[in-house]
Amino acid sequence: MKDKNRVASFGDEFRLTLITNDPVLAAKGDSSGVDRIGVDLEQLGKAERQAGQNSRLSGHRTEDLTVIAGSLRRAKLFARVNPINPDTSAEVEAVLSGGAKVLMLPYFRTAGEVETFVRLVDGRAYVIILVETASAVVRIREILAVPGVQEVMVGLNDLRLDLGVQNHFEVLVSP
């Protein structure tokens with residue numbers, strides 16, 4: 001019984017996220033227990049940052065949210081938006097209008113960028129930040145102090161490139 005409780009506790013902290021614009025795959029993920037399902041709209045600067053890395057670049061569009069939403073029964077609708085830019089406000093409004101319940105901010109460098117994002121979301125969705133820059137790592141205490149950040153993930157692809165290390169494992173084992 002003790003092990004079962006430990007697993008349940010771990011499960012409360014562990015979330016599975018499926019990024020797709022395929023409604024059939026989304027429905028299968030939803031029925032399989034995936035917690036969040038949605039689209040990756042991040043495009044600004046991503047191809048340039050990850051050039052030659054054989055990384056996944058999404059062609060998802062905001063309109064894909066409504067298609068995915070129709071496939072979900074229990075999972076929360078998810079959207080990773082672009083880094084902070086002049087169109088962030090409109091993008092946040094668009095994904096919220098599309099039904100997104102979980103929003104992720106990628107590739108930021110400062111607490112100010114995170115504060116801007118949290119302010120734009122304004123409590124209308126669950127906020128995740130994706131730490132992908134060396135600047136964010138060295139400012140992590142300040143960033144984590146921003147009210148409204150509900151979850152933090154580490155983006156190993158961009159972080160590895162920004163740190164200039166050989167592979168993802170160097171990031172994972174670093175202090």
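State, in angstrom, two size descriptors of the stretch 131-175 derived from its alpha carbons: Rg to one decimal place and Dmax to the nearest whole number.
For the stretch 131-175, the Cα-based Rg and Dmax read 11.1, 34 Å.
Place a point 7 Å from Cα of Glu142 in the direction of its Cβ. Which residues in the stretch 82-119 have their backbone N less than 19 Å from it?
The answer is 84-85, 106-119.
Just order 128-135, 65-72, 164-171, 144-151 by mean Cβ neighbour count inside 10 Å, highest at the front, would you?
Working: 128-135: 20.6, 65-72: 18.8, 164-171: 11.6, 144-151: 13.2.
The most tightly packed comes first, giving 128-135, 65-72, 144-151, 164-171.
Given a Förster distance of 25 Å, report the FRET efficiency between Glu151 and Leu172 from their Cβ-Cβ distance, rounded to the nearest 0.05.
So, using R0 = 25 Å, E works out to roughly 0.85.
Read-outs: derived from the displayed coordinates by stated rules, not from any lab. Quantities reported herein were computed from a predicted structural model and do not represent experimental measurements. Heads up, the Cβs are rebuilt from the backbone with ideal geometry, glycines too, and the neighbour counts pull from every protein chain shown.
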